[in-house]
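The values are calculated or read from the model by the stated rules, or taken from the named source; none is laboratory data. Keep in mind the model is a prediction, meaning the values are calculated, not measured. Cβ placement follows ideal geometry from the backbone for every residue including glycine, while neighbour counts extend to all protein chains displayed. With ligands, DNA and RNA removed, areas are computed over all heavy atoms of the protein, side chains included. Shrake-Rupley method; radii C 1.70, N 1.55, O 1.52, S 1.80 Å.
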Amino acid sequence: MGTDLHELLTSLRVWDPELTELPVLDPDTAPAEPLPLFARWFAETVAAGQPEPHTMSLATADSEGLPDVRIVMLHGADAGGWSFATHAHSRKGGHLAARPYAALAFYWPVLGRQVRVRGPVVTAPAEEARADLRARSAGALASALTGRQSEALGSPEELTRASEAAWELARREPDTPAPSWTLYRLRPDEVEFFQGDALRRHTRLRYRRSPRQGWARELLWP
């Protein structure tokens, strides 16, 4: 028997009180810059047991302005920006080469929180990309060495053969370079923190960077 999608959607609820804690975001005590608040929220999210809190949506646009979005992993966040990695020849790599601007979104339902980040994207030096890859697992290296990301795949067997060869090389030579593997840094112009509220009086705190005055904060209507 088929499932009625509309009925299923209307039956669902967000932030089940038995599973979700909704903290309070006090804008008056928020730091002057967004990075310390992001680091604190991330640590609290990990402590709350949110699965895979380091995953995020990455939105880019192609040369014609058509958007695309996918889930990627956060590799770091510091004064240099929010970092992620991919092959330069992948679809997102091609988008960033044509339009070096992107947006990120984190969703942490265990605490009813979102963080949105957007700004220009720069490419980190190649040695930093290599160091980032070396710091990760053999699986991450094998995935990078498999290569050909976003290209058409002839068959599952073709992927299996390429992956097996990449895993063997990654285990045998863990310092093997993956030349197209690229580390990107999004340097935010804008960061928004969203804290959910059971009465739908959500708190939205937006930081916006000014070239001369640094970060400015403002509240947004939910």
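Using alpha-carbon pairs under 8 Å, 6+ residues apart, how would you state the relative contact order of the chain in percent?
On the way: 367 pairs, mean separation 48.3, N = 222.
Answer for the chain is 22 percent.
Report the gain in length on full extension from ILE71 to THR3: 0.36 nm times residue separation, minus Cα-Cα distance, nm rounded to one decimal.
Values: separation 68, 0.36 × 68 = 24.48 nm, distance 2.70 nm.
Going from the current span to full extension adds 21.8 nm.
Please turn the phi angles of the range 75-87 into ³J(HN,Hα) values with the Karplus equation 6.51 cos²θ - 1.76 cosθ + 1.60 (θ = phi - 60°), one per residue in order, whole Hz, x for glycine and proline.
9, x, 8, 8, 4, x, x, 8, 10, 8, 9, 6, 6
Taking the Cα-to-Cβ direction at ALA131 and at ASP175 and moving 7 Å from each Cα, how far apart do the two end points lie in nm?
Using points 7 Å along Cα→Cβ, the separation is 1.5 nm.
Of the heavy-atom accessible surface of the chain (probe 1.4 angstrom), what whole percent is carbon and sulfur? Show your work: numbers first, answer last.
Details: 7260 of 13540 Å².
Solvent-exposed carbon and sulfur of the chain make up 54 percent of the total.
Students often check this: by mean Cβ neighbours within 10 Å, which of 48-56, 78-86, 208-216 ranks highest, and how do the rest follow? Let's see the in-between values first.
Working: 48-56: 14.7, 78-86: 17.9, 208-216: 10.6.
The most tightly packed comes first, giving 78-86, 48-56, 208-216.
Using only helices, what value at 222 nm comes out for the chain when you add -39,500 (n - 2.57) per DSSP H run of length 4 or more and divide by the total residues, to the nearest 500 deg cm²/dmol?
On the way: 6 runs with 64 residues, N = 222.
Theoretical 222 nm ellipticity from helices: -8500 deg cm²/dmol.
Let me make sure I get this right: for the range 63-106, a, b and c are the square roots of the gyration tensor eigenvalues over alpha carbons, sorted descending. Under 1.5 in a/c it's rounded, otherwise prolate if a/b > b/c, else oblate. Which is it? Mind showing how you got there, number by number?
Numbers: a/c = 1.74, a/b = 1.66, b/c = 1.04.
Verdict is prolate for the range 63-106.
At 1.4 Å probe size, with no ligands or nucleic acids counted, give the accessible surface of LEU96 in Å², nearest ten.
10
Enter the accessible area per residue of the chain (Å², integer; probe 1.4 Å; all protein chains in place). Present the calculation step by step, with values, prior to reporting the outcome.
Details: 13540 Å² over 222 residues.
Here the residues of the chain average 61 Å² of exposed surface.
So what are the chain's ellipsoid semi-axes, whole angstrom, largest first, if each one is the square root of 5 times an eigenvalue of the alpha-carbon gyration tensor?
Details: eigenvalues 223, 115, 63 Å².
Here the semi-axes work out to 33, 24, 18 Å.
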